[in-house]
Amino acid sequence: MTTTAPPSRKLGTTLLVAVGLLALGAAAVVSRRFLNPRPATSTAAVAAAVAALHPTPADEALFRVSAAIGTVEVQRGGLWLPIKKGDTLTRSDVVRTAAGGRAVLGLSAGTEIELRERVEIELDRLARGATVDLRRGKVVARVSGSEGLEITSRDTRTANEGPAHFVVLSDERGRVSVAALSGQARFTAGGKSLTLPEGTQSSSEGGAAPSDPERIPEEVLLEVVWPAAEQRHGVSETEVQGHAAPSTVVTVNGAPTTVGADGHFTATVPLRTGKNTVDVAAEDLSGRTRQTSATLVRHGAPPALTPEVTDLWKK
């Protein structure tokens, strides 16, 4: 004789089995989560993932890094990241070079800009070319085709007029200097615009109207007034003064020094005991350099004298 379980008992058994399976599943999930935690994701990995999800459109690409020497960085997401040859820069990227660093950025086969050391720029794109906002330092622009390249800096604008090779320097005093090495460059500041013919240069002081174009000097001006070669032991530093063209970049032992509107510069040089070699270098707008040096001697402290007691009355 076969005994059949009541329907209520079957339903209870089924519910118990289902609850047991759900409990086992939840336990497995908790076990995997706490016993096998996921590795922490690095910032670089997150950035790479975001970039992969949102690739840069082709028309947003601006300059490609053709060369990078020393420390060259781009600012993205509030961070300064190193860049290298072959990297692509996009609209509104900010690029900087450190001391000893240089970079060449190419827009096309016929347009490129060279960033010298201690440069900071921001990039953008024009309808037929590009614009660069030079915050500080020197850039050298070369345009061999029909594209336009405009460099803005401290309320000034410089642009090529056809194929051109020109230089823009923005210094810490607010002076912007421009030189046309070949072709022509249009320089605008203070409500005045002028064309710089090949081999000429001009400057704007604090956003004022640019000076009349003048020929680039044939020689690099650098005059140095050295302090006395022999320094006393109490002197821990000395001043080196000189004169150069206002648009010249002057360094003393590798450190840049300010050149005034009249061309005068002064640098303080620390001295150690013994011989001290001091190098002064100047680079004009066209990139030509001149260097001079001198050796300054700082004497050490004199030897301590020990008094000797003697009996003057002793015979």
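A few points about this structure:
- Complete set of residues in segment 157-204 that are out of contact with any Ser or Thr (no Cβ under 7 Å at 6 or more places or on another chain), crowded, with 18+ Cβ neighbours inside 10 Å and closer than 18 Å to ALA261 by Cα: ASP171
- Scanning segment 174-191 for residues that are outside any loop (DSSP other than H, G, I, E, B) and within 20 Å of the chain's Cα centre (by Cα) returns ARG175, VAL176, SER177, VAL178.
- All positions within segment 221-270 that are assigned to a loop (DSSP other than H, G, I, E, B) and either under 22 Å from GLY100 (Cα atoms) or under 26 Å from the mean Cα position of the chain (by Cα) (or both): ALA245, PRO246, SER247, THR248, ASN253, GLY254, THR258, VAL259, GLY260, ALA261, GLY263
- For ALA47, the conditions (1) surrounded by fewer than 15 Cβ atoms within 10 Å (Cβ to Cβ); (2) of a type outside the set (Phe, Trp, Tyr); (3) touching a Gly at 6+ places or on another chain (Cβ under 9 Å); (4) modelled with pLDDT of 75 or more are fulfilled apart from (4).
- The combined condition, being under 19 Å from PRO197 (Cα atoms), out of contact with any strand residue (DSSP E or B) (no Cβ under 7 Å at 6 or more places or on another chain) and not hydrophobic (A, V, I, L, M, F, W, C), is not fulfilled by SER177.
- Some residue of segment 119-126 being farther than 30 Å from THR257 by Cβ and crowded, with 17+ Cβ neighbours inside 10 Å: yes
The values are calculated or read from the model by the stated rules, or taken from the named source; none is laboratory data. Fair warning: this is a prediction, and the values are worked out from it, not measured in the lab. All Cβ positions, even for glycine, are placed from backbone atoms using ideal geometry, and neighbour counts span all protein chains on display.
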